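Laboratory data are not the source of any read-out in this text; all were calculated from the coordinates shown. Please read all numbers here as calculations on a predicted model, not as lab measurements. A quick note on method: Cβ atoms are made from the backbone with ideal geometry, for glycine too, and the neighbour counts reach across all protein chains shown.
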């Protein structure tokens, strides 16, 4: 029989040997630090704050399961103030001062593009959140897009809008395109021009406006003067609100209008605008229609909505929460798959594998974009008043394309949906 003291010494020695032979991350207990900038103030903040809550839920979920590589996970983030000029400094600080282990992108095209030079210089793996064609000029191999705009990113954004329009009888003949002079909107407008050309539509108005524009009446009147059949607007949140108000005040009624208006997916803007939204057909990425209830998404949304009021974020979270959570899931699955935090190994793994996430299967292709596009077009129908509850009822925002996720029929022309 081994004496108790000797037995304890032998056990201690065995434990020490095991610790010495284990990987450094298992014995250190130091958290894996993941850094990013996020729009927590400024015009993008309704969406940015919604994304951050989803990130926090992922952090809690993964830590409850034991973390990554045997270590807890800790998110390190800073407010980019919805201002592209702040972004390079944030990522430089995260890497040089905070010494984070990994970085991910914050929300929106205009915030992701200015991060890219820093990311490329450091050769970091980088998953952007809802950025349109961010990598179309950089062609950086370690960038990955958490946005379902597919390989033909710019055109895919409004492809469904044009397909719906051209399926009508009689077919529209003319189009107006209005876009903010900013990264996202320019990319969206470029795609709209491609789609218009393929459809054989005559472009009768094609202008950009300064990002600081607050009076959209003159823009809407200028479009109205050209009498277009359909109108694509590529705008950011405050522009989108201003455009919708101006369209209704002036009584502009083309046969179809919308396309690429950021902000109209956020509950805060839906409730502000209420019935003014009726008839607009606009992009979206996820709604809780039966065919989009992918494994894990209901559990995520239940957690999100239970905490939304206390966190002061979008009470429904349909637009941001699933994709923000999936962004972190992809990183998690790559770390688990490679058993590494090495940026090159993570990027190689992301290029080679399909990821099962709360937004369905994600497979990356050229320039880190999704191998297959899945942008929805949604029409607002029957909105009454300004209460939040009605937007839980999916009859107020109907998925009209693509067919595999369709939840209702398009009301055409726009004037009919306004009745």
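Of all DSSP beta bridges confined to the chain, the antiparallel ones make up roughly 30%. Based on Cα contacts under 8 Å between residues 6+ apart, the stretch 261-360 shows a relative contact order of 32 percent. Per residue, the Cα convex hull of the stretch 285-419 amounts to 136 Å³. Taking only the Cα atoms of the stretch 199-301, how large is their convex hull per residue, in Å³? Per-residue hull volume (Cα only) is 134 Å³. Its Cα gyration tensor gives the chain an equivalent ellipsoid, and the semi-axes of that ellipsoid, as √(5λ) in whole Å with the largest first, are 44, 21, 19. Between the C-alpha center of the stretch 146-187 and that of the stretch 349-367 there is a gap of 24 Å. Contact order for the chain, expressed relative to its length and based on alpha carbon pairs under 8 Å spaced 6+ residues apart, stands at 18 percent.
Across every direction, the projection of the convex hull enclosing the Cα atoms of the stretch 105-204 has a mean area of 6.6 nm². Here the relative contact order of the stretch 61-159, from alpha carbon pairs under 8 Å that lie six or more residues apart, stands at 19 percent.
Every pair of different Cα atoms in the stretch 349-419 enters the Kirkwood calculation, which places the hydrodynamic radius at 14.8 Å. Between 0 and 90 degrees, the angle of helix 87-96 with respect to the longest Cα principal axis of the chain falls at about 10 degrees. Ordering 216-226, 309-319 by mean Cβ neighbour count within 10 Å, with the highest value first, yields 309-319, 216-226.
The protection proxy used here, the mean number of other Cβ atoms lying within 10 Å of each residue, ranks peptides 50-61, 291-302 as follows, highest first: 50-61, 291-302.
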